[in-house]
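K.L.:
Would you mind keeping the following structure in view while I ask a few things?
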Amino acid sequence: MKNRKKMAYIRKTGIYILLVENKRLFCYAFLWGIPFAMSCVLGWRLVHEGTVFGLGSSAAALAGSFLLFLLETAVLSVPAAALAAMVLCGGKRKCSESMPGSEPEKPAAGTGSAFSGKAKSTGRRPAWQIWLFYSLLIFLSWIPVFLAYYPSVFAYDAEGQLYQVLAGDYSTHHPLLHTLFLGAFFRLGIALGSCAAGMAVHSVVQMALMACAFGCAVSFLYQRQIPKWVRVLLLLFFALFPANSVLAVSTTKDVLFAGFVLLYTLCLYRALCGHGEACGRDVLMGAKEMAAYVFLAVLMLLFRNNAVYAFVAGAPIVYAGLRARKRRAVDDVQGQETGAWSGGSARKKYLYMTILVLVLYGVCAFSLKAVTHAQNGSPREMLSVPLQQMARTRVKAEEKIDPSLRQELDKYISSEWVFAAYNPHLADPVKSRAVIHDDPAGLIRTWVKLGLKHPAIYIDAFLDNSLGLWYLWDTSHAQVYGIGTESGFGYLSTDNRVMPAGFEVVEHSLIPGLRAFMEKIVSDNAYSKIPVVRLLFAPALYWWLLYLYIVTAIYKRRCREILPAVFPAAYCLTLLLSPTVLVRYIYPLMVTVPVILPCLMPDTRQREGENIQ
């Protein structure tokens, strides 16, 4: 009897809940901290020792290296978990609100409720006005960079894509829709008598599209009543961060793709998690929302070849996450409960829309290919990692390879060029020289045989090729093609690609001083000398922030808010098989994660009537 009273007292005072929450906080903090610590240890070993297995090949050396790895991981995971805990407990509700049997605090008079649809609107501007204001502000902030790089940053794959346009010989190696989009402005320039003028129009149009996407993101946070200081920081990031301003005038396909990923994620977030005033309830898509979702998803898939793999892989996860749960229907007009119950509609609608997206994508992709008579892209792109693993094995253990296996390997990766061509962070040199068309099945068999003999080298090759995606202090992604203002290579590519005579895109900086300053950042990598700021430029930061977002959502029992992040996470995993790590590849995460992460801030679901401006 006394024990029962004691337990009742403990529960009543909230000590029990506090202890439980602390245990959960401990577990979830280390759920993020341990993998992060492991990435730091493995990355450091790759950079400084050339292998994650440590120096020495004897059993004793490997055992000692493994024990040292565990010790280093354990030590580093403590500060990493402490950092994660600061984010996790930042959104923790008051103890009285999470006590068993306690009633949630009722909204103040006039504020409305999450189910009434009558949130206080006094002093709050319409969302479209906020969107327009922020979009214009971002667009105007990019104009100096546009003038500095006038007519555009004609780099990356622009040369290859426009050669297809000029020759009328198209390929699916690059997304056809983006090739045609870029080619339309190039043809406009030819009609105007200046290819540079056409690319200048392209820059302005792309700037406007991206500014609208970013303005929509800030407006999204305004609707969800995220504090003003967060919105200001996000606005400054979109407007002033060099990657955003320079890529806004760049010709790479990844720019518009990133914009579509951002809008698609926010559209799915609204549908599954509600708007600012409706956050926390089941929200079923209306006709307009469904049309917008399908439209954005199809465009997103058409602008990146590997996006469809991420979409297909992520769809079952989202579908499984939409467990049919009953909810009380709401009269949107009167704001009164009707007493009706419904469930499972969100799941069905998502399934139908997913099928529709894939069908429309297939029809559009087939139609574009048929109209342009495009040839299929090379299968080499899918073999980047296997070819890197085979090449690394040849470079690191040439003498240890069995003679018969070495003879098989010569058919695909010859010793005559592999030692000079192999780059641990870039698969292109090996991929372009490897012989695979004659016998792709034989290549796969040889790859398997070699991997069974040298698994450690295969693991090192995979990790080294994707180092920039998961190692926060990696620098290879910013110098994989070189470094320096003269070459135009570095963190971003700003070199001006050469076109045939009569079709040149001549660069003419209208603000040369600003261009020189920007080149110090994106070509000379001057940002890397600033201790904390340099982390904002690291591609790995945005993966670890996305993972932190997922862990935080689980910790706060807001698991439905994980579902909009499924596609960005799946897309990031496809990058592990890419030929290298470049900022433009991870750019969709760079612009999406900073928008959804603040949605898990403290009590964002309980501010329905609060006026935050």
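The values are calculated or read from the model by the stated rules, or taken from the named source; none is laboratory data. If you're wondering where the values come from, they're calculated on a predicted model, not measured in any experiment. Cβ coordinates were reconstructed from backbone atoms using ideal geometry, including for glycine residues, and neighbour counts include every protein chain displayed. Surface accessibility is based on the protein's heavy atoms, side chains included, excluding ligands, DNA and RNA. Shrake-Rupley method; radii C 1.70, N 1.55, O 1.52, S 1.80 Å.
K.L.:
For the stretch 484-505, give me each residue that is touching a residue at least 12 places away in the same chain (Cβ under 8 Å), surrounded by fewer than 16 Cβ atoms within 10 Å (Cβ to Cβ), part of a loop (DSSP other than H, G, I, E, B) and within 31 Å of the chain's Cα centre (by Cα).
P.N.:
Going residue by residue through the stretch 484-505, those that are touching a residue at least 12 places away in the same chain (Cβ under 8 Å) are 484-485, 487-500, 503-505.
With the extra rule that they be surrounded by fewer than 16 Cβ atoms within 10 Å (Cβ to Cβ), the set shrinks to 484, 487, 498, 500, 503-504.
From what is left, the residues that are part of a loop (DSSP other than H, G, I, E, B) are 487, 498, 500, 503-504.
Those that are touching a residue at least 12 places away in the same chain (Cβ under 8 Å), surrounded by fewer than 16 Cβ atoms within 10 Å (Cβ to Cβ), part of a loop (DSSP other than H, G, I, E, B) and within 31 Å of the chain's Cα centre (by Cα): 487, 498.
K.L.:
Residues that are under 30 Å from residue 220 (Cα atoms) and out of contact with any strand residue (DSSP E or B) (no Cβ under 9 Å at 6 or more places or on another chain), at least 1 per element: which helices (runs of 4 or more DSSP H) completely within the stretch 125-193 meet that?
P.N.:
So the answer is 127-148, 176-192.
Yes/no per residue for (1) under 27 Å from residue 575 (Cα atoms); (2) assigned to a helix (DSSP H, G or I):
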position	(1), (2)
364	yes, yes
392	yes, yes
399	no, yes
405	no, yes
413	yes, no
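K.L.:
What number goes with the only condition from (1) open to solvent by less than 20 Å² (accessible area, probe 1.4 Å); (2) within 29 Å of residue 156 (Cα to Cα); (3) modelled with pLDDT of 95 or more that residue 594 does not pass?
P.N.:
All conditions are met except number (1).
K.L.:
So in the stretch 144-173, with the set limited to residues that are without any contact (Cβ under 8 Å) to a residue 60 or more places away in the chain and of a type in the set (A, V, I, L, M, F, W, C), which one is surrounded by the fewest Cβ atoms within 10 Å (Cβ to Cβ)?
P.N.:
Only one residue tops the list, namely 167.
K.L.:
Only one of these is at pLDDT 95 or above, over 26 Å from residue 30 (Cα atoms) and open to solvent by less than 40 Å² (accessible area, probe 1.4 Å): 585, 549. Name it.
P.N.:
585
K.L.:
Would you check if residue 417 is more than 19 Å from residue 50 (Cα to Cα), open to solvent by 70 Å² or more (accessible area, probe 1.4 Å) and among the aromatic types (Phe, Trp, Tyr)? Give the derivation first.
P.N.:
Working: more than 19 Å from residue 50 (Cα to Cα): yes; open to solvent by 70 Å² or more (accessible area, probe 1.4 Å): no; among the aromatic types (Phe, Trp, Tyr): yes.
No; evaluated as a whole, the condition is false for this residue.
K.L.:
With farther than 28 Å from residue 241 by Cα and either among the β-branched types (Val, Ile, Thr) or modelled with pLDDT of 95 or more (or both) as the only criterion, which of 136, 180 stands out? I'd like the intermediate steps shown before the answer.
P.N.:
Values: 136 fails: farther than 28 Å from residue 241 by Cα.
Step by step, each of 136, 180 is checked, and only 180 is farther than 28 Å from residue 241 by Cα and either among the β-branched types (Val, Ile, Thr) or modelled with pLDDT of 95 or more (or both).
K.L.:
A follow-up question, please. Give the residue, chosen from 369, 400, that is of a type in the set (Lys, Arg), in contact (Cβ under 8 Å) with a residue 40 or more places away in the chain and surrounded by 15 or more Cβ atoms within 10 Å (Cβ to Cβ).
P.N.:
Result of the check over 369, 400: 369.
K.L.:
Which one is nearest to residue 501 (Cα to Cα), of the residues in the stretch 207-237 that are out of contact with any Ser or Thr (no Cβ under 8 Å at 6 or more places or on another chain) and of a type in the set (S, T, N, Q)?
P.N.:
The residue in question is 219.
K.L.:
Residue 233 - would you say it is modelled with pLDDT of 95 or more and either open to solvent by 10 Å² or more (accessible area, probe 1.4 Å) or on the phi > 0 side of the Ramachandran plot (or both)?
P.N.:
Answer is yes for this residue.
K.L.:
Identify, from the list 556, 520, 529, the residue that is among the basic types (Lys, Arg) and surrounded by 16 or more Cβ atoms within 10 Å (Cβ to Cβ).
P.N.:
When all the criteria are applied, what remains is 556.
K.L.:
What residue, among those in the stretch 372-397 that are within 19 Å of residue 467 (Cα to Cα) and out of contact with any Phe, Trp or Tyr (no Cβ under 9 Å at 6 or more places or on another chain), is least open to solvent (accessible area, probe 1.4 Å)?
P.N.:
Across the stretch 372-397, the extreme among qualifying residues is 384.
K.L.:
While we're looking at this one, here's another question. Of 158, 148, 200, which residue is within 22 Å of residue 244 (Cβ to Cβ), aliphatic (A, V, I, L, M) and within 26 Å of the chain's Cα centre (by Cα)?
P.N.:
158
K.L.:
Then there's this: Out of (1) at pLDDT 85 or above; (2) open to solvent by less than 40 Å² (accessible area, probe 1.4 Å); (3) within 29 Å of the chain's Cα centre (by Cα), the odd one out for residue 91 is which?
P.N.:
(1)
K.L.:
So residue 240 ticks every box in (1) open to solvent by less than 20 Å² (accessible area, probe 1.4 Å); (2) touching a Ser or Thr at 6+ places or on another chain (Cβ under 7 Å) but one. Which box is left unticked?
P.N.:
(1)
K.L.:
Within the bounds of the stretch 506-514, is there any residue that is surrounded by 19 or more Cβ atoms within 10 Å (Cβ to Cβ) and touching a residue at least 12 places away in the same chain (Cβ under 8 Å)?
P.N.:
Quick first cut of the stretch 506-514, residues surrounded by 19 or more Cβ atoms within 10 Å (Cβ to Cβ) only: none.
Taking every residue of the stretch 506-514 in turn, none turns out to be surrounded by 19 or more Cβ atoms within 10 Å (Cβ to Cβ) and touching a residue at least 12 places away in the same chain (Cβ under 8 Å).
K.L.:
So which pairs qualify, if the first residue must be in the stretch 301-322 and free of Cβ contacts under 8 Å to residues at least 12 places away in the same chain, the second must be hydrophobic (A, V, I, L, M, F, W, C) and surrounded by fewer than 18 Cβ atoms within 10 Å (Cβ to Cβ), the Cβ gap must be under 8 Å, and the two must be at least 6 apart or on different chains?
P.N.:
From residues that are free of Cβ contacts under 8 Å to residues at least 12 places away in the same chain, there are no pairs.
K.L.:
One residue is enough: does the stretch 199-218 have a residue meeting the conditions at pLDDT below 95, of a type outside the set (Phe, Trp, Tyr) and either within 22 Å of residue 160 (Cβ to Cβ) or open to solvent by 10 Å² or more (accessible area, probe 1.4 Å) (or both)?
P.N.:
no
K.L.:
A further question follows. Which one of the conditions (1) open to solvent by 90 Å² or more (accessible area, probe 1.4 Å); (2) at pLDDT below 90; (3) over 26 Å from residue 475 (Cα atoms) does residue 67 fail to meet, given that it meets all the rest?
P.N.:
Of the numbered conditions (1) open to solvent by 90 Å² or more (accessible area, probe 1.4 Å); (2) at pLDDT below 90; (3) over 26 Å from residue 475 (Cα atoms), the odd one out for residue 67 is (2).
K.L.:
Hey, another quick one. Touching a Lys or Arg at 6+ places or on another chain (Cβ under 9 Å) and either at pLDDT 95 or above or open to solvent by 10 Å² or more (accessible area, probe 1.4 Å) (or both), is that true of residue 571? Working first, answer last.
P.N.:
Working: touching a Lys or Arg at 6+ places or on another chain (Cβ under 9 Å): yes; either at pLDDT 95 or above or open to solvent by 10 Å² or more (accessible area, probe 1.4 Å) (or both): yes.
So residue 571 fits the description; yes.
K.L.:
A further question on this structure: Only residues that are outside any helix (DSSP H, G or I) and either in contact with a Pro (Cβ under 9 Å, 6 or more places away or on another chain) or open to solvent by 80 Å² or more (accessible area, probe 1.4 Å) (or both): list them for the stretch 420-461, please.
P.N.:
Of everything in the stretch 420-461, those that are outside any helix (DSSP H, G or I) and either in contact with a Pro (Cβ under 9 Å, 6 or more places away or on another chain) or open to solvent by 80 Å² or more (accessible area, probe 1.4 Å) (or both) turn out to be 422, 423, 426, 427, 436, 437, 438.
Yes or no, residue by residue, for (1) among the β-branched types (Val, Ile, Thr); (2) modelled with pLDDT of 95 or more; (3) touching a Cys at 6+ places or on another chain (Cβ under 8 Å); (4) within 30 Å of residue 167 (Cα to Cα):
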{"site": "433", "(1), (2), (3), (4)": "no, no, no, yes"}
{"site": "470", "(1), (2), (3), (4)": "no, yes, no, no"}
{"site": "489", "(1), (2), (3), (4)": "no, no, no, yes"}
{"site": "496", "(1), (2), (3), (4)": "no, no, no, yes"}
{"site": "505", "(1), (2), (3), (4)": "yes, no, yes, yes"}
{"site": "508", "(1), (2), (3), (4)": "no, no, no, yes"}
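K.L.:
Next up: Residue pairs, Cβ under 6 Å, 6 or more apart or interchain, first in the stretch 444-469 and farther than 28 Å from residue 534 by Cα, second of a type in the set (Val, Ile, Thr). List them.
P.N.:
Hits for this filter: 450/393; 454/393; 457/393.
K.L.:
Which condition from (1) farther than 16 Å from residue 548 by Cβ; (2) at pLDDT below 95 is the one that residue 41 breaks?
P.N.:
Answer for residue 41: the failing condition is (2).
K.L.:
If you don't mind, there's one more thing I want to ask. Mind telling me which of the residues 270, 304 ends up being among the charged types (D, E, K, R), modelled with pLDDT of 85 or more, within 24 Å of residue 214 (Cβ to Cβ) and not in a loop (DSSP other than H, G, I, E, B)?
P.N.:
270
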